[in-house]
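See structure below.
The values are calculated or read from the model by the stated rules, or taken from the named source; none is laboratory data. All values reported here derive from a predicted model rather than from experimental measurement. Note: ideal-geometry Cβ built from the backbone for every residue, glycine included; neighbour counts use all protein chains shown. With ligands, DNA and RNA removed, areas are computed over all heavy atoms of the protein, side chains included. Shrake-Rupley method; radii C 1.70, N 1.55, O 1.52, S 1.80 Å.
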Amino acid sequence: NDDAEGHLKFRQDPDPAKIIDLDIEVHLQPNHAYLLQRAVDAIVDGNCTSTSWLTLGKGLVPQSILTDKHGKGSEALWRDVTAVPSGSIFDIHFQVIDAVSLAVVLTSDCHQYTVR
């Protein structure tokens, strides 16, 4: 799909809950389901090489991103990082996959993240 696009707002509020909010918006194939995945690298060098993909959702429950008849879809996802020590730094990248075929339809650049 030449018109495929997505936007991910990835943020962690500075509060003790240690919840990362992942607000995703996509414009893809109409009336279809997609999944957001992430992979992290413990070696912080700006080069995301990990292929250990984790499907994201509402906490530990994976959540599909459903598109409407115009191909637009959005979902408010989140991840609890309470178990990760504050100050931990890692490289992270994301991909959106087709929920049926599991084909990768969108990929992100590599980003560095520090857990609050």
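A few notes on this one:
- When we screen L102, L77, L106 for residues that are at pLDDT 95 or above, open to solvent by 80 Å² or more (accessible area, probe 1.4 Å), among the aliphatic types (A, V, I, L, M) and under 16 Å from the mean Cα position of the chain (by Cα), the only hit is L102.
- Hey, L35 under 17 Å from G6 (Cβ atoms) and open to solvent by less than 70 Å² (accessible area, probe 1.4 Å) or not: yes
- Enumeration of residues in segment 1-15 that are out of contact with any strand residue (DSSP E or B) (no Cβ under 6 Å at 6 or more places or on another chain) and either modelled with pLDDT of 95 or more or surrounded by 16 or more Cβ atoms within 10 Å (Cβ to Cβ) (or both): none
- Qualifying residues in segment 16-32 (those that are outside any strand (DSSP E or B) and open to solvent by 40 Å² or more (accessible area, probe 1.4 Å)) - the one modelled with the lowest pLDDT: P16
- Matching strands (runs of 3 or more DSSP E) fully within segment 43-116 where at least 1 residues are closer than 24 Å to K18 by Cβ and touching a residue at least 24 places away in the same chain (Cβ under 8 Å): 72-80, 89-98, 111-114
- Any hit, segment 39-59, residues being exposed (fewer than 12 other Cβ atoms within 10 Å of the Cβ) and under 22 Å from K72 (Cβ atoms): no
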